[in-house]
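A.B. asks: Got a structure here, written out as structure tokens. Questions coming.
Coordinate-derived values only; no laboratory data. Treat the numbers as computed from the prediction; the structure is a model and nothing was measured. Positions of Cβ are backbone-derived with ideal geometry, glycine not excepted, and every protein chain shown enters the neighbour counts.
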Amino acid sequence: MADTSPGDDQLTIRTLTDADLPVFSEVLATAFLIDHSAEFLAAERSAFEPARSHAVFDGETMIGTGQLLSRRIVVPGAEPVPVGAVTSIGVAPGHRRRGVLSRIMRGQLEFLHEAGEPLAILWASEGGIYGRFGYGLGTQHTQITVPRGTAFRRDVAVDPDPVRELPREQAVPIMRDLYDKLWPSRTGYLDRTTDGTWEYHLFDDAGRRGGQTAMRFAVHPQAYAVYRAKEDWQARGPRARVTVHELTAATPAAYAAMVRYLLDMDLVGEVVLRAGTDEPLVHMLADPRAALRTLFDALWVRVVDVDRALTARRYPVPVDLVLDVDDAVCPWNAGRWRLVAGPDGRAEVTRTDAPADLALDVAALGTVFFGGTRLATLAAAGRVREHSPGALATASLAFLHDDEPRCLEAF
């Protein structure tokens, strides 16, 4: 990997090997202010891809880490596409402000560009970091807190098949089978085709529990939930908190059955669900105010190659626009691009010298890519500029999709 990033000239960056994993995991644990352990090393090993992992060195000492997981993601209206899932980003204490992070982030984007992967995605530890590398807030999620026993509307259909609690080793194969059937049709979902992706997703050492139980598994023929519980014995009785790690369902009635199961558990005071911004639960309740909602950022999206990314997805309305894209990190993206999509939603994207209809930076393009944010919203924030009257309204509709994107799988 060529080192073209600004910063300390004494630093170098290279691709890793299997032998680097123990030190890689130690640096990462230190950067995140947690104790390194055999369990942490095992979690990193389950996902480690040395050929897609990079580290910055000061002499022989590793001081910065980063990894690109090989995943596929569902884009609006089209087949899943390869994506670089950015994870394990860390800089050792005492080595910050030396350009270490910049080397990692720029190196990853060059790697993906050369590999022909059009998108990079990540979950941000801090919301102010990744915008300067061209990442935009592409999807959001909601934390929904609902009191135990909250009633449904009378017209909500609940699947009568029972929900069973199963031990992990019995539940995971059932969950995998259902997830494999559902994920390719849900915008923002990631594939989980290997044992390692499931192990990483369901990693469950004591350090991640925060005083809660180990993961528990509730399974329905058409749904499943992974959750933890935290006991809370109060003077008026038990008020345990159930936190749902994942809830997946094939049908509305199966979804209702799983939610009903969680809301009716004994000894519980409230159920907390990490959900999509359009979660159906709110509209199932007799009193929607019972669901307290807090909005958080989820996926940050980076368009690595404008032409490859914009042709990977589909568009709900015909569009013919010239976009003037600013990209200070990836110069191959900068300039004007003509986006043309017909009635079938398929697009062609080519370079052009024609006047721009809209001007925006690459982070704004990542924000609207999955259809969770309107271009018109970014224009109101001063982040998109309209040069041709009517272009903003057309483009804003074209980048939407008929289902809200969601990615609730942190990595």
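A.B. asks: Once you list every other residue whose beta carbon is under 10 Å from the beta carbon of residue 95, what net charge do they have if Lys and Arg are +1 and Asp and Glu are -1? Walk me through the intermediate numbers first.
C.D. replies: Working: positive: 96, 97, 98; negative: 8, 58.
Surrounding charge for residue 95 is +1.
A.B. asks: Hey, another quick one. Around residue 133, with a cut-off of 10 angstrom between Cβ atoms, what is the net charge of the other residues, counting Lys and Arg +1 and Asp and Glu -1?
C.D. replies: +3
A.B. asks: Could you tell me the center-to-center distance, by alpha carbons, between the range 248-302 and the range 98-112 in angstrom?
C.D. replies: Measuring centre to centre over Cα atoms gives 37 Å.
A.B. asks: Moving on. Sort 147-155, 8-16, 82-90 by the packing proxy (mean of other Cβ within 10 Å over each peptide's residues), most packed first.
C.D. replies: The most tightly packed comes first, giving 82-90, 8-16, 147-155.
A.B. asks: Continuing with this model, one more query. Going by amide H atoms built from the backbone, whose H comes under 5 Å of the H on residue 361, apart from near neighbours?
C.D. replies: Placed amide hydrogens put 326 under 5 Å from residue 361.
A.B. asks: For the range 161-225, what is the relative contact order in percent, using Cα pairs closer than 8 Å and at least 6 residues apart in sequence?
C.D. replies: Relative contact order here is 55 percent.
A.B. asks: In addition: With r defined as the distance between the Cβ atoms of residue 145 and residue 346 and R0 fixed at 51 Å, what FRET efficiency is calculated, to the nearest 0.05?
C.D. replies: Efficiency, from the Cβ-Cβ distance: 0.75.
A.B. asks: With label points built 7 Å along Cα→Cβ from the Cα atoms of residue 51 and residue 165, find their separation and express it in nm.
C.D. replies: The two pseudo-label positions are separated by 4.5 nm.
A.B. asks: If you don't mind, another one. Here are some values of Rg and Dmax of the Cα atoms in Å: (i) 22.7, 72; (ii) 21.8, 65; (iii) 43.1, 147. Which one was computed from this structure?
C.D. replies: Read-out from the structure maps to (i).
A.B. asks: Can I ask one more? Could you derive backbone 3J(HN,Hα) for the range 292-297 from the dihedral phi with the Karplus parameters 6.51, -1.76 and 1.60 (θ = phi - 60°), listing whole Hz in sequence and x where the residue is Gly or Pro?
C.D. replies: 3J(HN,Hα) across the range 292-297, in whole Hz: 7, 10, 10, 8, 9, 6.
A.B. asks: Could you check the spin-label model distance between residue 153 and residue 125? Points 7 Å from the Cα along Cα→Cβ, value in nm.
C.D. replies: 4.3 nm
A.B. asks: Connecting C-alpha atoms closer than 10 Å in a GNM of the chain, tell me which of 177, 264, 307 has the biggest fluctuation.
C.D. replies: Evaluated over the chain, the most mobile residue of the options is 177.
A.B. asks: How high is the relative contact order of the range 11-117, in percent, with contacts defined as C-alpha pairs under 8 Å that are six or more residues apart? If you can, show how the numbers build up before the last one.
C.D. replies: On the way: 166 pairs, mean separation 29.1, N = 107.
The value is 27 percent.
A.B. asks: Give, as a single signed number, the net charge of other residues whose beta carbon lies under 15 Å from the beta carbon of residue 277, with Lys and Arg counted +1 and Asp and Glu -1.
C.D. replies: On the way: positive: 186, 274, 293, 374, 406; negative: 278, 279, 297, 402, 403, 404.
Around residue 277, the surrounding residues sum to -1.
A.B. asks: Cut-off is 10 Å between beta-carbons; in what order do 45, 313, 192 appear when sorted fewest neighbours first?
C.D. replies: If I rank by nearby Cβ atoms, fewest first, I get 45, 192, 313.
A.B. asks: Also, quick follow-up: Determine, for 317, 259, 329, the number of other Cβ atoms within 10 Å of each Cβ, and report the residues in order from fewest to most.
C.D. replies: In order of increasing Cβ crowding within 10 Å: 317, 329, 259.
A.B. asks: Evaluate the relative contact order of the chain (contact order divided by residue number), counting alpha-carbon pairs under 8 angstrom at least 6 apart; express in whole percent.
C.D. replies: Relative contact order here is 19 percent.
A.B. asks: Taking the alpha-carbon centroid of each part, what is the distance from the range 220-237 to the range 137-189 in angstrom?
C.D. replies: 14 Å
A.B. asks: Quick check of the Kirkwood formula: for the range 300-398, what is the inverse mean of 1/r over all pairs of different Cα atoms, in Å?
C.D. replies: Details: mean 1/r = 0.0756 Å⁻¹.
Averaging 1/r across every pair of different Cα atoms and inverting gives 13.2 Å.
A.B. asks: Here's a follow-up. Per-residue ellipticity at 222 nm for the chain, helices alone: DSSP H runs ≥ 4 residues times -39500 (n - 2.57), over residue total, nearest 500 deg cm²/dmol?
C.D. replies: Mean residue ellipticity at 222 nm (helix-derived): -7000 deg cm²/dmol.
A.B. asks: Can you give the extra length, in nm with one decimal, that the chain gains between residue 177 and residue 265 once fully stretched, where that is 0.36 nm per residue apart less the Cα-Cα distance? Before the final figure, lay out the partial values.
C.D. replies: Numbers: separation 88, 0.36 × 88 = 31.68 nm, distance 2.60 nm.
Extra length available between residue 177 and residue 265 comes to 29.1 nm.
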